[in-house]
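Shown next, in C-alpha cells, is the structure this report addresses.
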Amino acid sequence: MADSPLLFTLASFFLLSTLIFSSAMTVTKASCDSGPVKPTTPLVTFLEQLQQTALTTFGKTHFDPKLYVDLALKSELSLTQHAFHKLPRSANGSTSASDLNEFLHDYFEGAGDDVVLAQPEDYVPEPEGFLPKVKNPEVRAWALEIHSLWKNLTRKVGGGVHKRPEFHTLLPLPEQFIIPGSRFREVYYWDSYWVIRGLLVSKMYDTAKAIVTNLIFLIEEYGYVLNGARAYYTNRSQPPLLSAMVSEIYKRTGDLEFARKALPALVKEHEFWNSGIHKVVIQDDQACNHTLSRYYAMWNQPRPESSTTDMELASKIESVSEKQRFYREVASTAETGWDFSTRWMRNHSDFTTLSTTSILPVDLNVLILGMEHDIAFLAKVIGDSSISDHFLKASKARHKAIKSVFWNAKKGQWLDYWLNDITCISEPQTWEARNQNQNVFASNFIPLWIESLYSDTSMVEKVTRSLQSSGLLHAAGIATSLTNSGQQWDFPNGWAPIQHMIAEGLARSGSKEAKLVGEDIAVRWIRTNYKAYKKTGVMHEKYDVQKCGEFGGGGEYVPQTGFGWSNGLVLAFLEEFGWPQDRKIDC
C-alpha cells in the first residue's frame, strides 16, 4: 500500500521541527566554556592503564598502543582489575614481561578476536558487467584481484559482543562490514565511502547497504556517526559522507525503501554538524551572516587508542587547563581524518600548537554542502517536498557562505579560515582577509568535487590552472601539502580520498582542460597502486607521490596494508576512466 500524503506531511513536520528546535535549543554555553566531554566506559579507562604498563614493561620498539584498548575481557572487569593490581611492579610501574604476558593470556581475548571473518553473500569472482571500459587484459586481471580482496576484509561482530558488550570496546553493530585492514580492525566512518564506491563497482549492493545500516545504527545510538565502531571513539565523528554513501547506493539500485529509511538519520547528522559546538557564524564585509561548521571533539584527555603517545606529547605543557586544551585539539584533529598535518598547526614545527577548533575547514563545509544536496535529492525522490525544499534552501545559503568566506580569487583556491576568538562563538565573527590560510593544501581544491561548484566552467578552469602551478601535482598523484613535516597528512604522502575528490570533480566538469587533468591524476594513481601491489603483494593505506610504486610513511604508526579505501578507489577510477588496450600500466 502506498504511503499517504498525510504521513509524508507528518514525517516532514517532525524532521523539520527536530532540525529547527534542536538548533535553537543547543547549548550555546558549550561554545563559551571549555567544551563538552563525553563520558568513557570503565573498561576503556582500565585498558588505558594497561596500555601504560605495557609501554613501561615492553618498551617503545614495535609498541602499538591501540592493541591494548582493542582487547576483550574473558571475565568480569573487577576480577581482571584485581589481578592486574596484584602484579609485582618496579618503581617505574613496570612489571616483568613474563608476568604481564601471562596476565594478558589469562584475562583477555586477543585484539581482534571479537571481530569475525565473514563471507559476503553477494560476492562472485567475476561480476556480470564488471568494468566494461577496462580493455587491457593485464589491468583487468589485477582489478579482479583487487575485487577479490573484499573477501579478506569482510567482518561481522562476534556473538560475545552482543551477549556481553561490557567486555568489549568493539561496538555491537548489527550487520557485516568492511574493515580498512591491519591495525584497523573495525569499521571507520569516512573510509566507508570509498569502500562503498568500490563495492558498487563489484556489484556488491547488499554489502554496501549493510555498511550504511551500521552507520545509521551509530546515529540512532549516539546522535552522530562515530569516528569508528569502538567505545573509545564515541567522543568524535569524522568527515561526514553518509549522505553521499546513501545517494550513490540509491542511484545504482533505485531502492526507494532504503532511501526512505536513511533520511531521518541524515537529517539528524546534519543537525549535529550545524548546531552547538560545531556551528560558527561569520559576518562578511556586506554585513551578511554566514553559518559554517568546524571540527570539535567532545574530549579533553589523551585519546585512549593513543593515550601513551598523547601524554608524552603533552609532557612539556605545565598547566592542567592547557593540557586539556591540547588534548581536545588532538582529538579534534583526529575528527578531521587528517591526523596529523601542519594544516592544523599555528607553528608547523611545534605539534603542541595544534589549533583545529580555531579553523573553519574548506573541505568540511564543502562536504556539508554535498550533504544538503544529497538530502534534498533523496527527499525529493521519496516524495517529501518540504524536506527537499528546506535543504535546497540550506545548500544555497552554504554555497554563498563558501564563496564569501573561503574563496580567494587571486589564488584561484578555497582557503581555510582561522577564527579570531573561540572563547565564545555564540556571536558572529567579522570576516577578515588576513584570516584566510595562504598555505597550499590539497583541501584547497576539494570543492571541485561538488556539482554546484564544478558546474561553473570558468571557475573550474581557473582552479585547474591554480592546481597545476600549486606544486601539489607529482609523478604519482596529488601531495597532501607542500611541507615535509614527518606527519602523514603532509608531503610527500598522497591519499585515496584526495585523489578521488579532486580528479572526479575535474572529470565531471564542463571544461575539456579540467577533464584531461582529472584523468591524468587518475592514471598516475592507478599506476602507482599497481606497481606497489606487484612489488609488495598488498594494497597500501597511502602512497609517496614523488615516485611511482612507493608507499607512504610518517605519522604515529607504521604504514598499514589492506586496504579498504585504496581498493575502492582503484575500482572506482577504473570504472570511471577505463583503461584502453594500448595504454601501458607500468610507470
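The values are calculated or read from the model by the stated rules, or taken from the named source; none is laboratory data. None of these values were measured; they are calculated from a predicted model. Neighbour counts run over all protein chains shown; Cβ positions are idealised from the backbone, glycine included. Remember, those area values only see protein heavy atoms, side chains included, never the ligands or the DNA or RNA. Shrake-Rupley method; radii C 1.70, N 1.55, O 1.52, S 1.80 Å.
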Distance (nanometres) between label positions extended 7 Å along Cα→Cβ at residue 221 and residue 458: 5.1
Ranked by how many other beta carbons lie within 10 Å on average, peptides 480-486, 318-324, 364-370, 254-260 from highest: 364-370, 480-486, 254-260, 318-324
Added length on full extension, which subtracts the Cα-Cα distance from 0.36 nm per residue, residue 587 to residue 535: 17.5 nm
Evaluated at q = 0.18, 0.20, 0.24, 0.34 Å⁻¹: base-10 log I(q)/I(0), Debye formula over Cα of the range 41-86: -0.54, -0.65, -0.89, -1.31
Long-range amide H partners of residue 188 with built H, under 5 Å: none
Calculated Rg/Rh (Cα atoms, Kirkwood Rh) (choose from (1) 1.03; (2) 1.05; (3) 0.95), label: (3)
³J(HN,Hα), Karplus 6.51/-1.76/1.60, whole Hz, each residue of the range 294-307, x for Gly, Pro: 9, 7, 6, 6, 8, 6, 9, 10, x, 4, x, 6, 9, 4
The chain - share of DSSP beta bridges that are antiparallel (%, nearest 5): 90
Å² per residue, accessible surface of the range 208-317 at 1.4 Å: 30
Residue 326 - accessible surface, heavy atoms, 1.4 Å probe, Å² rounded to 10: 0
Where only alpha carbons of the range 342-396 are counted, the Rg and the Dmax (Å): 17.3, 53
Helix-derived mean residue ellipticity, 222 nm - over the chain, DSSP H n ≥ 4, -39500 (n - 2.57), to 500: -15500 deg cm²/dmol
Subset of 251/396; 403/531; 151/584; 66/323; 151/279 violating a 31 Å alpha-carbon distance limit: 403/531; 151/279
Vicinal HN-Hα couplings computed from phi for the range 240-257 (Karplus, 6.51 cos²θ - 1.76 cosθ + 1.60; Hz; Gly/Pro x): x, 10, 4, 4, 5, 5, 4, 4, 4, 5, 4, 5, 7, 9, x, 7, 5, 5
Percent accessible area from carbon and sulfur atoms, the range 75-149, protein chains only, probe 1.4 Å: 54
Tensor-based shape of the range 448-487 (alpha-carbon gyration tensor, a/c under 1.5 rounded, otherwise prolate or oblate): prolate
Relative contact order for the range 332-390, counting Cα pairs under 8 Å that sit 6 or more residues apart, in percent: 19
Equivalent-ellipsoid semi-axes of the range 235-323, from the Cα gyration tensor, Å, largest first: 35, 23, 10
Accessible surface, 1.4 Å probe, highest first, among residues 37, 115: 37, 115
Estimated vicinal HN-Hα couplings, Hz - the range 86-102 in sequence order (Karplus 6.51, -1.76, 1.60; Gly, Pro = x): 7, 4, x, 10, 8, 4, 8, x, 7, 10, 6, 4, 5, 5, 5, 5, 5
Overall form of the range 407-558 per C-alpha gyration tensor (a/c, 1.5; a/b vs b/c): oblate
Taking the range 384-503 and dividing mean pair separation by its residue count, relative contact order in percent (alpha carbons under 8 Å, at least six apart): 19
Per residue accessible area of the range 505-571, 1.4 Å probe, in Å²: 35
Over the range 73-113, equivalent-ellipsoid semi-axes from the Cα gyration tensor in Å: 19, 13, 7
Full-extension gain in nm, residue 409 to residue 97, via 0.36 nm per residue minus C-alpha separation: 106.3 nm
Spread of Cα-to-Cα distances over 5 Å intervals beginning at zero, given as percent, for the range 181-283: 2, 12, 24, 23, 18, 11, 6, 2, 1, 0
Amide hydrogen neighbours beyond the local backbone of residue 509, cut-off 5 Å, H modeled: none
Residue 98 accessible area, 1.4 Å probe, all protein chains in place, Å² to nearest 10: 80
Cut-off 18 Å, label 7 Å out along Cα→Cβ of residue 151, residues of the range 125-143 by amide N: 125-128, 130, 141-143
Difference of contour (0.36 nm per residue) and Cα-Cα distance, residue 81 to residue 116: 9.9 nm
For residue 108, residues with placed amide H under 5 Å, excluding near neighbours: 74
Burial ranking of peptide ranges 429-436, 40-47, 87-94, 271-278 (average Cβ count within 10 Å, highest at the top): 271-278, 40-47, 429-436, 87-94
Label-reachable residues, the range 48-83, where backbone N falls under 11 Å from a point 7 Å from residue 163's Cα toward its Cβ: none
Whole-percent carbon and sulfur share, accessible surface of the range 342-450, 1.4 Å: 52
Accessible heavy-atom area order of 345, 459, highest first, probe of 1.4 Å: 459, 345
